[in-house]
Amino acid sequence: MADSSDPAHRDLAWYGYDPRALAVLVAGTAILSWGVWLGRWYFEDLSGLADRMGALAVFLLAWAVWPILAALFFYRTVTYTYRLTDRALLVDFGFWHPYQPPLPLDEIRQVTIRRGVFGRCLGIGTIEIQAANRRLILPGVRQPEAFVRRLEHLRHRDRSVRIGEGKSGA
């Protein structure tokens, strides 16, 4: 067993935001973009807008959302990290979100997986963790059942180690 006086956390697993979690948003945006871009030939309102503002304006209207979507994609896939250690869950959502202090495993009260229809098809889910003093939501986790199983295993192992230490010290 590791020395309990060591203040460092031992990493057991790293998770993050899976790119497939944005699949529905990307597909919906693609459909809307194509609808706006090609709609000027089929809908009089868009055709009139193209005549008044120019074809370039309609093109920009259809495609201007893509750089924003790309920024969201890269921000979430790069900065959202969920580290599972031997004593705590360490979560980082990047510089746009406030700091999340480590969540000790012994403070976790309930873990729930939320998935939609597309989430089940893509193997993606959102994990909601209810702790003693806060609630933590981890979006875009690939294979959330495996994450929860590992978390529960560590919680029960941690609890049994503390119970065993208490009995031997008495």
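The values are calculated or read from the model by the stated rules, or taken from the named source; none is laboratory data. Just so we're clear, the structure is a prediction, and the values are computed from it rather than from any experiment. Positions of Cβ are generated from backbone atoms using ideal geometry, with glycine treated the same way; all protein chains shown enter the neighbour counts. Ligands, DNA and RNA are excluded from the accessible area calculation, which covers all protein heavy atoms including side chains. Shrake-Rupley method; radii C 1.70, N 1.55, O 1.52, S 1.80 Å.
Worth a mention:
- Full-extension gain in nm, Arg20 to Leu69, via 0.36 nm per residue minus C-alpha separation: 16.3 nm
- Local net charge near Phe118, Cβ-Cβ under 13 Å (Lys/Arg +1, Asp/Glu -1): +3
- Taking all protein chains together and a 1.4 Å probe, the residues Phe73, Phe95, Phe59 rank Phe95, Phe59, Phe73 from largest to smallest accessible area.
- For the stretch 98-164, size of Cβ-based charge dipole, Lys and Arg +1, Asp and Glu -1, in debye: 120 debye
- Note on exposure: Leu25, Leu12, Leu32, Leu103 ranked by accessible area (1.4 Å probe, complete protein assembly) read Leu32, Leu25, Leu12, Leu103, with the most exposed listed first.
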